[in-house]
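Right, one structure below, let's go through it.
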Amino acid sequence: MTTDISPQKKAETELSRHAVLISRRTVLAGLGAFFAFGPDGVAQDAASRSVTAQRPVISQKSLNSLRVASQRLIDQSRDSFDRGLVPLVDHLDQFSLAANLNQRLATSQNNRETQLEWQRLQVRNLEGVANQLERFRQPASAGWEADALLARLSLAQAQSRLAAFEGRPDTVAAAQRAINDLARQHWDKRMDDAEMGLATPLQLSRAAGLVFSSENRSLAADRNFLTQAIQATDRWNLAGIGIGRDDVRETFRFELARVDLQSAKPGTAVFNAQAQRAEASVEKLFDTISQFQSQGTASLYDLASAWRQRQDLHTFLEDSRPEPLPAEWQQRRSNDLRQLGRLATQTADRRGRAAADISYVELLSLSETTLTGKTSTVK
């Protein structure tokens, strides 16, 4: 299977077909580890990130504050999702922040019972999400069928993780087969939507990434896809089409920078250069979304999610090399988090999805200021 595509054919089709980046075959050949690290509003139930093995120094008071903030985010995000105010992918990511944070704390304390409790909570939440979408039963609604499949896929992933944690290999194998099947179905539905102008390039990217997340596609294939996606999005931007908006372009560019970083060997000059590029790219992504957020055309969640991508990038770098992050990188990350905090505080109307987005920012801030140690557990 090839990842090449005729530039002439792309030029003829990309503007007439609202959101189809490239052909079905080419997209599926192109995305390997698109979601190897970082959230980007991500599919994969947004809860499949690995739990960091650090053992933070944290007081019992701070631990309780994290638990309260986590539960508040879970409740508000689920309420907003049930009312149709928060998109599925946003809710999955918000829930995953709270769940994974608590999993990390339980792991740091070697508390298997609490780990199991959160594994089961993830399954219960995703069962509720899947059932809620099924109750909507609106096949004519844009993206409904694809979202319903995504919810079932996310549930299968959570069930697989729970079965693995409990030592049930047969259930893990069955869940994995379901994941592979649902990923393909989800991809097909997103492509059907895209051909009618009802799916975005980012949705297609996430769908394709889900198909190949378990197939270990090479990073070179990812790079090929992202390069083409950037070229197409740049042309859409020049044509004045919304799917070529600057924040979409910068999202793809940051993904490409991350793929190139992952392709480099830690400790080499190439790796360090790619780290610099990725840092500059994620900073530009945050600044670009900030401009749209100030104009009311991007949400507080969108901006906070971009900040979380920087956090994930920094975690990846800290785990990949012995030297600390440059002080200016950490300072910019802190400055941007303070900006998020100010925006959350200044939000007067906290109804609807705003409540969930504010709680998302508050939990990000609390976890950033609390989970800084690496040598102990709760004290």
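Where helices (runs of 4 or more DSSP H) fall entirely within segment 19-110, none has at least 1 residues that are at pLDDT below 75, surrounded by fewer than 20 Cβ atoms within 10 Å (Cβ to Cβ) and touching a strand residue (DSSP E or B) at 6+ places or on another chain (Cβ under 9 Å). Of the listed requirements (1) part of a loop (DSSP other than H, G, I, E, B); (2) surrounded by fewer than 22 Cβ atoms within 10 Å (Cβ to Cβ), Arg223 misses just one: (1).
Within segment 344-361, the only residue that satisfies the criterion of being assigned to a helix (DSSP H, G or I) and over 18 Å from Ala69 (Cα atoms) is Gln346.
Tallying residues that are touching a residue at least 60 places away in the same chain (Cβ under 8 Å) and surrounded by fewer than 22 Cβ atoms within 10 Å (Cβ to Cβ) within segment 243-295 yields 2. Among residues of segment 120-151 being of a type outside the set (Ser, Thr, Tyr) and not in a helix (DSSP H, G or I), the one that is modelled with the highest pLDDT is Gly143. Looking at this structure, is Ser154 under 21 Å from Asp90 (Cα atoms) and at pLDDT 95 or above? Spelling it out, Ser154 is indeed under 21 Å from Asp90 (Cα atoms) and at pLDDT 95 or above.
Apart from one condition, Ala257 fits all of (1) of a type outside the set (Val, Ile, Thr); (2) closer than 30 Å to Ser290 by Cα; (3) more than 19 Å from the chain's Cα centre (by Cα); the exception is (3). Of all residues in segment 159-181, none are closer than 13 Å to Leu210 by Cβ, in contact (Cβ under 8 Å) with a residue 12 or more places away in the chain, charged (D, E, K, R) and surrounded by 15 or more Cβ atoms within 10 Å (Cβ to Cβ). Out of curiosity, is Leu155 in a helix (DSSP H, G or I), under 20 Å from the mean Cα position of the chain (by Cα) and in contact (Cβ under 8 Å) with a residue 40 or more places away in the chain? Spelling it out, Leu155 is indeed in a helix (DSSP H, G or I), under 20 Å from the mean Cα position of the chain (by Cα) and in contact (Cβ under 8 Å) with a residue 40 or more places away in the chain. When you look at Val259, is it in contact with a Lys or Arg (Cβ under 7 Å, 6 or more places away or on another chain), modelled with pLDDT under 95 and of a type in the set (A, V, I, L, M), yes or no? So Val259 passes the test.
From the list Leu317, Leu325, the lone residue that is over 20 Å from Ser80 (Cα atoms), surrounded by 14 or more Cβ atoms within 10 Å (Cβ to Cβ) and without any contact (Cβ under 8 Å) to a residue 12 or more places away in the chain is Leu325. Applying the condition of being in contact (Cβ under 8 Å) with a residue 40 or more places away in the chain and surrounded by 21 or more Cβ atoms within 10 Å (Cβ to Cβ) to segment 296-307 and asking which residue is nearest to Asp246 (Cα to Cα) yields Leu303. Checked against the criterion of being in contact (Cβ under 8 Å) with a residue 40 or more places away in the chain and either on the phi < 0 side of the Ramachandran plot or touching a helix residue (DSSP H, G or I) at 6+ places or on another chain (Cβ under 9 Å) (or both), the candidates Gln185, Gln103 yield just one match: Gln103. Selection of segment 239-268 for residues being charged (D, E, K, R) and part of a helix (DSSP H, G or I) yields Asp246, Asp247, Arg249, Glu250, Arg253, Glu255, Arg258, Asp260. Quick one: how many residues across segment 158-176 are assigned to a helix (DSSP H, G or I), farther than 25 Å from His91 by Cα and not hydrophobic (A, V, I, L, M, F, W, C)? The qualifying residues number 4.
The values are calculated or read from the model by the stated rules, or taken from the named source; none is laboratory data. Bear in mind that the values here come from a model prediction, so they are computed numbers and not experimental data. Every residue, glycine among them, receives a Cβ derived from its backbone with ideal geometry; neighbour counts consider all protein chains shown.
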